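Here, each number is a calculation from the coordinates, and none is a lab measurement. Predicted model, so just to flag it, every value in this text is computed and none were measured. Every residue, glycine as well, gets a Cβ built from its backbone with ideal geometry; the counts of neighbours run over all protein chains shown.
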Amino acid sequence: MNDKDKITALIIEDEEPARSIIKHYLRNHDSVELVGECPDGYCGLMNIKELNPDLIFLDIQMPKLTGFELLEVLDEKPEIIFTTAFDEYAIKAFDMNAVDYLLKPFPKKRFDEAVEKAITRIRKGGNMKNKIQKLTTERADGSEPLNRIVIRKGNAISFIPVKNIRYMQAEDDYVMIYHLNGKALKQQTMKYYENSLPPNEFIRMHRSYIASIEHISRIEPYGKETYIAVMKEGERLPVSRTGYKKLREKISF
């Protein structure tokens with residue numbers, strides 16, 4: 001097989017022993033060329049842009065930038081094999097979206113199976129983008145609530161702590177996030193944030209709005225069976241009838 005026919009692979013894994021095992025197992029796969037390895041998500045993001053690998057081995061729980069956060073800010077979606085010590089809920093999410101994973105510690109046989117499946121999908125020109133988009137927009141039952149949201153602007157990566165979010169507004173296929181230091185546009189769904197934000201701190205009070213309960217000053221009637229939420233910073237946001245019922249359960253007014 002010519003080098004140009006080889007599938008290029010990148011390892012993004014913060015644990016050196018895990019990187020070593022992957023490199024060792026890959027030696028038996030002549031059709032795969034390892035082009036680099038990264039100890040964190042930031043390094044991975046830069047190397048994916050520079051090297052454009054066909055396949056990445058991606059850990060989920062990494063410092064600085066997690067595997068899921070990395071996927072959210074990637075433009076191109078290479079074939080991915082997750083290397084994870086995640087619990088049963090995350091595994092359920094992977095299975096649901098037909099994304100392959102290696103549960104640590106993984107035996108060589110399982111590794112070989114995952115690599116061969118990835119090679120087959122790459123040769124067939126499989127589209128990973130839709131699978132990854134589903135994985136990053138759907139929450140598995142029992143997942144931990146978000147504690148921050150990753151934002152990419154050009155090559156810059158920043159984070160919005162959930163505790164700093166005042167409210168969110170739907171804008172077509174995006175969500176505008178209003179926070180203590182300004183606002184940021186994120187390609188994501190309101191349903192995702194409704195299911196992902198801490199339920200005791202946020203409420204979806206309208207199909208287009210999710211608000212921090214802490215930042216709601218009061219609720220005012222607006223018309224027949226319609227209401228307005230007045231935020232502490234002065235904004236007046238619509239409240240649906242269903243949203244009003246939810247608010248009554250969480251706020252005394």
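Overview of results
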| item | result |
| --- | --- |
| Residues with amide H under 5 Å from that of VAL32, placed H, sequence gap 5 or more | ILE7 |
| Where labels lie 7 Å past Cα in the beta-carbon direction, separation of ALA85 and LYS250 in nm | 3.4 nm |
| Diffusion constant of the stretch 148-250 at 4 °C, which comes from Stokes-Einstein with the Kirkwood Cα-pair radius and 1.567 mPa s, µm²/s | 93 µm²/s |
| Packing-based ranking, highest mean first, of 172-183, 187-198, 61-72 given that Cβ atoms within 10 Å are counted | 61-72, 187-198, 172-183 |
| Student exercise, the chain dipole from Lys, Arg, Asp, Glu Cβ charges, in Debye to nearest 20 | 980 debye |
| Furthest towards positive pole of dipole, MET205, VAL175, GLY223, structure part the stretch 148-250, Cβ charges | MET205 |
| Sequence-distant residues sharing a close amide H with ILE149 (under 5 Å, placed H) | ILE160, VAL162 |
| Å³ per residue enclosed by the Cα convex hull of the stretch 3-137 | 101 Å³ |
| For peptides 152-158, 50-56, sequence by mean Cβ density within 10 Å, most packed first | 50-56, 152-158 |
| Entries in LYS131/LYS232; LYS23/LYS124; LYS186/LYS224 that, when Cα-Cα distance is taken, lie over 30 Å | LYS131/LYS232; LYS186/LYS224 |
| The chain, helix-only ellipticity at 222 nm - DSSP H runs n ≥ 4, -39,500 (n - 2.57), divided by all residues, nearest 500 | -9500 deg cm²/dmol |
| Net charge, ASN52 excluded, C-beta distance under 11 Å - Lys, Arg +1, Asp, Glu -1 | -3 |
| Unsatisfied cross-links (Cα-Cα over 31 Å) in the set LYS64/LYS245; LYS134/LYS246; LYS134/LYS183; LYS108/LYS134; LYS104/LYS250; LYS108/LYS129 | LYS64/LYS245; LYS104/LYS250 |
| Other-chain or far-sequence residues with amide H under 5 Å of HIS206's (modelled H) | SER240 |
| Inter-label distance for ALA156 and VAL230, nm, one decimal - labels placed 7 Å from Cα along Cα-to-Cβ | 3.6 nm |
| Net charge of Cβ neighbours under 13 Å - reference GLU79; Lys, Arg +1; Asp, Glu -1 | +3 |
| Proxy reagent accessibility, fewest Cβ within 10 Å first, across ASP5, ASP100 | ASP5, ASP100 |
| Between the stretch 13-78 and the stretch 207-253, the Cα center-to-center distance that results, in Å | 44 Å |
| Bridge type composition, the chain - antiparallel percent by DSSP, nearest 5 | 65 percent |
| Kirkwood-based shape ratio for the chain, expressed as Rg/Rh from alpha carbons | 1.07 |
